[in-house]
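Some notes on the structure that comes next.
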Amino acid sequence: MATQHEFKTEVKQMLDLVIHSLYSNKEIFLREIISNASDAIDRARFEALKDTAVLEDDPTWKIKLIVDKDAKTLTVRDNGVGMTAEEVEKNIGTVANSGTKHFLENLKANKDELPPELIGQFGVGFYSAFMVADEVTLLTRRAGDKNAATKWVSKGDGFYTLEATTKETRGTDVIIHLKDDETEFLEEWRLRKIVKKYSDFVEHPIAMDVEHSEPVKDADGKDILDENGKPLPPKTTIVEETLNSQKAIWLRSKNDIKKEEYDEFYRHLSHDYQEPFETIHWSVEGQAEFKALVYLPQKPTWDMMVQDNHPHGIQLYVHRVFITDSCEQLLPRYLRFLRGVVDSADLPLNVSREMLQEARALTIIRKNLTKKVLDTLADMQKNAPERYETFYSNFGAVLKEGLREDFENSEKIQNLMMFHSTALADDKRTTFADYVKRMPETQKEIYYLTAEGVANAKNSPQLEAFQKKGYEVLFLTDPVDEFVIPSIENYDGKTLRDISKGDVDLDTEDEKKAKAEERKAAEETNADLVKKLQELLKDKVSDVKLSNRLTDSACCLVDAEWAMSQQMQRMMKALKQEVPDVKQILEINPDHPLIGALRGVLAKDADSPKLADYAKMLFDSARLMENQPVDDPREFAKQVAALMAESLK
């Protein structure tokens with residue numbers, strides 16, 4: 001006879017939390033019930049090591065899904081350890097009182113042999129069934145006890161009934177009576193999809209009876225006709241199929257896995273039709289035990305630059321059971337191009353298994369994962385430089401983000417950086433380390449220039465003095481460089497210096513002394529012109545001064561030492577951000593013929609209207625050399641045409 005009981009521990013509030021708030025999507029219920037079934041089998045296997053009577057007459061292990069569309073029920077059946085009536089009331093009748101948890105605690109207290117690897121640590125996953133069910137029935141019989149079984153029934157309303165019953169086999173049946181609007185979970189395709197997503201690598205087979213229809217044929221393969229000459233209706237058979245692969249490739253030894261198997265799993269994982277660029281497979285023991293299989297893709301995915309609401313690429317499993325692909329704590333954002341799996345049992349999960357707690361084990365896994373990937377890249381850079389450059393061309397811009405995000409590994413990331421430079425062909429890159437090796441003794445800083453591309457960088461007039469000195473300049477052409485490179489104060493004791501900002505002083509003390517008189521004379525000779533240009537261009541530049549960086553060009557625009565660069569301003573504007581109106585500095589080359597000609601015009605007639613036109617053209621030409629648009633292209637073209645016509649008279 002059934003007896004009614006009331007749930008303990010404020011169960012109505014707890015059930016409401018489980019059903020409506022704890023899980024992010026309803027299909028999770030099947031993962032939880034299957035996980036509990038897998039735990040029950042693992043526990044039975046462990047007990048069978050000491051007591052073979054647990055096996056009874058069924059030495060095989062299986063989880064089975066049973067669909068009854070007429071009754072609108074989905075049953076999850078296992079032949080695991082099962083429960084006694086007392087265990088049912090204790091473990092199912094009380095929310096968050098997991099039998100698995102107590103099992104582990106008892107073994108630990110008794111210093112017994114190592115337990116099986118179980119994941120049901122909180123005992124509320126069972127209640128997720130009420131997200132889709134208006135009633136749940138549990139039939140269970142303890143392994144080794146053929147005389148008694150227990151039936152538990154609840155509508156999730158704060159009450160449940162218990163009664164003694166009979167059950168032919170050991171284990172547990174969870175019978176889920178689905179709500180009218182949840183019958184999709186009776187469809188074969190839906191169940192297959194959920195099992196494939198969450199439980200594909202569960203060690204035990206997850207089976208289901210599947211209906212197959214085959215045309216009726218004779219021995220020659222021809223249709224058999226009825227008395228009316230029509231083909232007989234297809235023959236329907238019911239076949240039990242295993243829905244999960246059970247093949248957790250990451251748990252196998254690397255020596256037993258072929259490249260084709262690695263590649264196949266990568267395609268399954270990433271939905272990428274190409275082979276992986278690199279495969280990293282390893283296991284860690286010690287403070288935190290886990291196994292990882294990580295891939296570097298061949299090419300970036302279209303959504304790699306998306307920072308928000310994007311899967312993080314690494315799927316987290318706990319003993320073959322999929323937990324999440326959005327564990328932000330597992331992998332730093334700058335390694336989001338990785339694809340793979342991490343499987344560990346050392347992670348304390350919260351009640352939903354979907355959101356991981358801040359845990360020491362998780363921190364250890366993250367550190368190991370990051371270190372392994374960075375060490376692999378460093379090894380590739382050293383031993384296969386051309387291969388590494390291919391990788392860097394695709395993912396270097398994302399990897400650089402780590403300079404701002406991961407201070408612990410900043411030095412490693414700096415060593416992995418590569419840049420185009422004045423010393424190399426356009427299709428080659430250099431590292432900081434190689435740059436420093438090539439530095440002449442007189443060079444004290446690492447020089448760089450930000451630009452929208454190598455061609456623009458190489459045409460910049462700001463390079464002239466550095467090239468004359470034989471100083472190499474790195475080209476920073478990735479948009480992210482503007483954000484991350486300033487975070488590097490120095491490399492190998494050498495300060496990083498943006499050559500497009502502030503004053504340039506490349507001369508030694510002896511050279512400064514030798515040029516002192518020459519410099520003083522140039523300042524005196526050009527003082528009036530500098531003052532006039534400052535007056536004429538006061539609305540366009542912050543200052544006009546003689547340049548130390550120009551040798552061939554007449555002029556250039558530079559930023560103040562701590563001003564926002566033009567490249568950064570363009571990016572901010574593209575992002576619809578407010579950008580302060582920061583004027584640049586116009587530097588002129590006192591030795592250039594054009595500057596000499598302007599001095600002549602000024603000396604002849606300080607009030608000549610042509611000076612204003614020439615000053616504007618000088619400013620516009622400087623903007624064009626920096627790949628900046630002129631304010632009025634049509635007016636600039638008219639001025640150039642007029643100047644050409646005058647010179648051709």
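Laboratory data are not the source of any read-out in this text; all were calculated from the coordinates shown. Note that the structure is a prediction, hence the values are computed from the model and not measured. Cβ placement follows ideal geometry from the backbone for every residue including glycine, while neighbour counts extend to all protein chains displayed.
Here are the numbers for the structure shown:
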| item | result |
| --- | --- |
| DSSP bridge pairs, the chain: antiparallel proportion in percent, nearest 5 | 75 percent |
| Separation of alpha-carbon centers, segment 556-586 and segment 168-234, rounded to whole Å | 65 Å |
| Cα centroid of segment 247-307 to Cα centroid of segment 407-481, whole Å | 34 Å |
| MRE, 222 nm, helices only [DSSP H, n ≥ 4, -39500 (n - 2.57), over the chain, to nearest 500] | -10500 deg cm²/dmol |
| Order by protection proxy (mean Cβ within 10 Å, highest first), peptides 484-496, 505-517 | 484-496, 505-517 |
| Rounded if a/c under 1.5, otherwise prolate or oblate - segment 491-561, Cα gyration tensor axes | oblate |
| Residues 152, 189 arranged by fewest to most Cβ contacts within 10 Å | 189, 152 |
| Estimated distance in nm for a label pair at residue 134 and residue 601, the labels positioned 7 Å out from Cα along Cα-to-Cβ | 9.0 nm |
| When each of 62/155; 501/545; 469/616; 26/151 is checked by Cα-Cα distance, pairs over 20 Å | 62/155; 469/616; 26/151 |
| Ranked 546, 575, 643, criterion: other C-beta atoms within 10 Å, fewest first | 575, 643, 546 |
| Point-to-point label distance, residue 573-residue 411, nm (Cα→Cβ direction, 7 Å offset) | 4.2 nm |
| Cα shape, segment 176-251, gyration tensor, a/c 1.5 rule | oblate |
| Calculated FRET value between residue 514 and residue 542, using beta carbons and R₀ = 22 Å, to 0.05 | 0.10 |
| Stretchable slack from residue 483 to residue 241, in nm (0.36 nm times residue separation minus alpha-carbon distance) | 81.7 nm |
| Sorted by Cβ neighbour density within 10 Å, fewest at the top, the residues 204, 271 | 271, 204 |
| Net length gained if the chain between residue 169 and residue 455 were fully extended (0.36 nm per residue, minus Cα distance) | 95.4 nm |
| Extension gain (nm, one decimal) between residue 58 and residue 159, 0.36 nm per residue minus Cα-Cα | 32.9 nm |
| Packing-based order for 33-46, 561-574, using average beta carbon neighbours within 10 Å, highest first | 33-46, 561-574 |
